[in-house]
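Contents: one structure, followed by commentary.
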Amino acid sequence: PLDYWKSNAARFPVLALIARKYLGIPASSAASERFFSQGTLIISKLRNRLNKSTFEIISCLKSW
């Protein structure tokens, strides 16, 4: 895809800039996997009745 946008940058200059910006980012699932792993540590058999807002607050505090 990057080669296509490089060769067609003159035809579509704005789209080529956007493509270069976003297609150049390597895909990674590490952040989402880390978040879900953290969620399993927060929600356990002893803490299974946390409401959604409390869970969001705890997960945000742990990620900062």
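The values are calculated or read from the model by the stated rules, or taken from the named source; none is laboratory data. All values reported here derive from a predicted model rather than from experimental measurement. When we count neighbours, we look across all protein chains shown, and the Cβ atoms used for this are built from the backbone with ideal geometry, even at glycine. Protein only, heavy atoms only, side chains kept; ligands, DNA and RNA dropped before computing areas. Shrake-Rupley method; radii C 1.70, N 1.55, O 1.52, S 1.80 Å.
What's the angle, to the nearest 10 degrees (0 to 90), between helix 13-23's Cα axis and the longest principal axis of the chain?
With both axes taken from Cα atoms, the answer is about 40 degrees.
To one decimal place, what Kirkwood hydrodynamic radius in Å is obtained for the chain from all pairs of distinct Cα atoms?
Values: mean 1/r = 0.0668 Å⁻¹.
Taking every pair of different Cα atoms in the chain, averaging 1/r and inverting gives 15.0 Å.
Given a 1.4 Å probe, how much area per residue of the chain is accessible, in Å²?
Values: 5800 Å² over 64 residues.
Using a 1.4 Å probe on heavy atoms only, each residue of the chain averages 91 Å².
Treating cross-link reach as a plain straight distance, find the lysines whose alpha-carbon is under 24 Å from the alpha-carbon of LYS62, omitting any fewer than eight places away in the same chain.
Candidates past the 8-residue exclusion: LYS45, LYS52.
Report the relative contact order of region 1-63, percent, no decimals, based on alpha-carbon pairs under 8 angstrom and at least 6 residues apart.
Numbers: 20 pairs, mean separation 14.8, N = 63.
Reported relative contact order: 24 percent.
For LYS6, give me every one of the lysines with a C-alpha distance below 21 angstrom, ignoring sequence neighbours fewer than eight places off in its own chain.
LYS21
Pop a pseudo-label 7 angstrom from the Cα along the beta-carbon direction at both SER59 and GLU33 and give the gap in nm to one decimal.
1.8
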